[in-house]
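The structure appears below as structure tokens.
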């Protein structure tokens, strides 16, 4: 197995089209564009079907990177895994997180002990509209997760701490295209299809990592919430028809100066899980100085509890016709994490169907070993 090093940098953005921070790092030779493997971002859109800040951000990044890579912009998106999550409600601050990976010739075991951060990517084939939210999407996602694990050099599923997926959604045109072929989509609602696609993708992660048994059916999606992944984070968007999979974990093949850990929030106010996730990589609450540890970013899922309560108290997130429940959830969970992590530039994605227990969700933390 080859030895690799992975680097991670979080860059603030002034808007979805702002690439100045990334450009500055490239111009200062602090970041090699040829080594970029994935970019995750939070954009200040609504996170819904018509949130075009996600596509705008990807287009801007591709245009900025194309000259450095000697590729046309549309080819950049095939080379780099982009996942843009819309919605920076409350204190959440727009930003991107850039992951790079490079091969190294050797490993000094005396200096690097244990497993370090590794990253792998993969993509599914394009889906037919009628496959979204169903077994086909689950199975293809599971295959892609396995491929991304292999790409990351991760053998043990227990070493996987976060799986980020960008998945498609349905539009009226896509629903109509299926109907013309005599096929029926899982729903005719574009907004409703986002939940189905997110849920099926998450179940694909759970299947790949052995978190659920092989026996799973179409009817389990958005119905059997006892089935979930403790490390899946899925976001739906209009800009693609396949799943983009990014696996983050720790691997013995990595000599990266970073580590990743995770915990699972059982509800939207589970401060204990946030603290556990921070502690898993040696970062103290409040992001104060730690012995050789520095917080890089926090990645989490958030959703309004489907039973309408949080620890016995009624919430109204599902009954607000002015603001989507996913926006409420991002703001609530984002505020909790920001307060404990000591920064509002954290990645919180709404809609956690089959991503952690109902009303909760996974939370992962990446830390840099300052002395490494």
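Would you confirm whether or not region 151-169 contains a residue that is under 22 Å from residue 77 (Cα atoms) and part of a helix (DSSP H, G or I)? Yes, region 151-169 contains at least one residue that is under 22 Å from residue 77 (Cα atoms) and part of a helix (DSSP H, G or I). Only residues that are buried (at least 16 other Cβ atoms within 10 Å of the Cβ) and in contact (Cβ under 8 Å) with a residue 24 or more places away in the chain were counted across region 181-199, and they come to 11. Going by the structure shown, is residue 130 buried (at least 17 other Cβ atoms within 10 Å of the Cβ), within 18 Å of residue 196 (Cβ to Cβ) and without any contact (Cβ under 8 Å) to a residue 60 or more places away in the chain? Yes, satisfied. Being out of contact with any helix residue (DSSP H, G or I) (no Cβ under 8 Å at 6 or more places or on another chain), closer than 20 Å to residue 148 by Cβ, outside the structural domain of residue 326 (by TED's automatic domain parsing) and surrounded by fewer than 23 Cβ atoms within 10 Å (Cβ to Cβ) is a property that residue 240 has.
Determine, yes or no, whether residue 143 is loosely packed, with under 15 Cβ neighbours inside 10 Å, within 23 Å of residue 224 (Cβ to Cβ) and either at pLDDT below 95 or in the same structural domain as residue 236 (by TED's automatic domain parsing) (or both). Before you say what the answer is, go through the steps one by one.
Working: loosely packed, with under 15 Cβ neighbours inside 10 Å: no; within 23 Å of residue 224 (Cβ to Cβ): yes; either at pLDDT below 95 or in the same structural domain as residue 236 (by TED's automatic domain parsing) (or both): yes.
Spelling it out, it is not the case that residue 143 is loosely packed, with under 15 Cβ neighbours inside 10 Å, within 23 Å of residue 224 (Cβ to Cβ) and either at pLDDT below 95 or in the same structural domain as residue 236 (by TED's automatic domain parsing) (or both).
The residues of region 197-208 that are touching a strand residue (DSSP E or B) at 6+ places or on another chain (Cβ under 6 Å) and either within 14 Å of residue 356 (Cα to Cα) or part of a loop (DSSP other than H, G, I, E, B) (or both), listed by number, are 198, 201, 202, 205, 206. Which of the following residues is touching a strand residue (DSSP E or B) at 6+ places or on another chain (Cβ under 9 Å) and at pLDDT below 95: 283, 296, 346? Answer to the check: 283.
For region 146-158, a residue qualifies if it is in contact with a helix residue (DSSP H, G or I) (Cβ under 9 Å, 6 or more places away or on another chain) and surrounded by fewer than 24 Cβ atoms within 10 Å (Cβ to Cβ), and the qualifying residues are 146, 155, 157. When region 7-45 is filtered for residues that are over 25 Å from residue 369 (Cα atoms) and under 17 Å from the mean Cα position of the chain (by Cα), the ones remaining, listed by number, are 43, 44, 45.
Check whether at least one residue in region 349-362 is assigned by TED's automatic domain parsing to the domain that holds residue 268, surrounded by fewer than 17 Cβ atoms within 10 Å (Cβ to Cβ) and either touching a strand residue (DSSP E or B) at 6+ places or on another chain (Cβ under 8 Å) or not in a loop (DSSP other than H, G, I, E, B) (or both), and report yes or no.
Step one: of region 349-362, the residues assigned by TED's automatic domain parsing to the domain that holds residue 268 are 349-362.
Filter again for surrounded by fewer than 17 Cβ atoms within 10 Å (Cβ to Cβ), leaving none.
Scanning region 349-362 turns up no residue that is assigned by TED's automatic domain parsing to the domain that holds residue 268, surrounded by fewer than 17 Cβ atoms within 10 Å (Cβ to Cβ) and either touching a strand residue (DSSP E or B) at 6+ places or on another chain (Cβ under 8 Å) or not in a loop (DSSP other than H, G, I, E, B) (or both).
If only residues of region 222-241 that are at pLDDT 95 or above and in a strand (DSSP E or B) are counted, the one that is farthest from residue 351 (Cα to Cα) is 229.
The values are calculated or read from the model by the stated rules, or taken from the named source; none is laboratory data. As the structure is a prediction and not an experimental result, all values here were calculated from the model. Here Cβ is always computed from backbone atoms with ideal geometry, including for glycine, and neighbour counts include all displayed protein chains.
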